[in-house]
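Read through the structure below, which is laid out as structure tokens, and then see the notes.
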Amino acid sequence: MRALPNTAAANKIASSDPAADTNAAVTIVAIADERHVIDWIACSYNKIPTGIERITVTVAAVLKFSVYLPVLTDGAGPWFFPFPQPIVGGLNQEVIVQLTAATGTTLGSVTVGYR
């Protein structure tokens, strides 16, 4: 997207499904004269984690969104976070969406819809 958010920009999807005990992270690299817009995030674990887990969004290393996931009451997910008011990055800024790693053999997965 260019200087102003372009609602007609093509939708993109990026996912991360790392090995056990590794943060699931999607990095949307900075592009000259463009900004990224995060429309939604989906995440889950393959089984109930034993610790406190969190999903975060940082734009240019600044925390923009952070939620602790209710794994003890909701189980392994999935969780879906739509953003009717999207998270909009600045020009030339990288966006990182990260799901904290669960301990042991639990696997985490995160998918991001952006433009």
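Between a first residue in segment 18-32 that is farther than 17 Å from THR58 by Cβ and a second residue that is hydrophobic (A, V, I, L, M, F, W, C) and not in a loop (DSSP other than H, G, I, E, B), which pairs have beta carbons less than 9 Å apart while being 6 or more apart in sequence or on different chains?
Partner pairs satisfying both residue conditions: PRO18/ALA24; PRO18/ALA25.
Here is a list: ALA24, ALA14, ALA10. Which entry is small (Gly, Ala, Ser) and buried (at least 17 other Cβ atoms within 10 Å of the Cβ)?
On inspection, the qualifying residue turns out to be ALA24.
If GLU94 passes every condition in (1) exposed (fewer than 12 other Cβ atoms within 10 Å of the Cβ); (2) at pLDDT 95 or above; (3) of a type in the set (D, E, K, R) but one, which one does it miss?
(1)
Out of GLN85, GLN98, report the one residue that is of a type in the set (S, T, N, Q), in a strand (DSSP E or B) and without any contact (Cβ under 8 Å) to a residue 24 or more places away in the chain.
Matching residue, one of GLN85, GLN98: GLN85.
I want to confirm something. Restricting to segment 33-51 and keeping residues that are of a type in the set (A, V, I, L, M, F, W, C) and in contact (Cβ under 8 Å) with a residue 60 or more places away in the chain, which single residue is nearest to GLY104 (Cα to Cα)?
Checking each candidate, the answer is CYS43.
Tell me, which strands (runs of 3 or more DSSP E) lie completely within segment 28-77 with 3 or more residues that are more than 14 Å from the chain's Cα centre (by Cα), at pLDDT 90 or above and crowded, with 17+ Cβ neighbours inside 10 Å?
Filter on segment 28-77 gives an empty set.
GLY89: buried (at least 20 other Cβ atoms within 10 Å of the Cβ), closer than 15 Å to THR27 by Cβ and of a type in the set (Gly, Ala, Ser), yes or no?
yes
The values are calculated or read from the model by the stated rules, or taken from the named source; none is laboratory data. Small disclaimer: the values here were computed from a predicted structure and weren't measured. Reconstructed Cβ throughout: ideal geometry from the backbone, glycine too, with neighbour counts over all protein chains shown.
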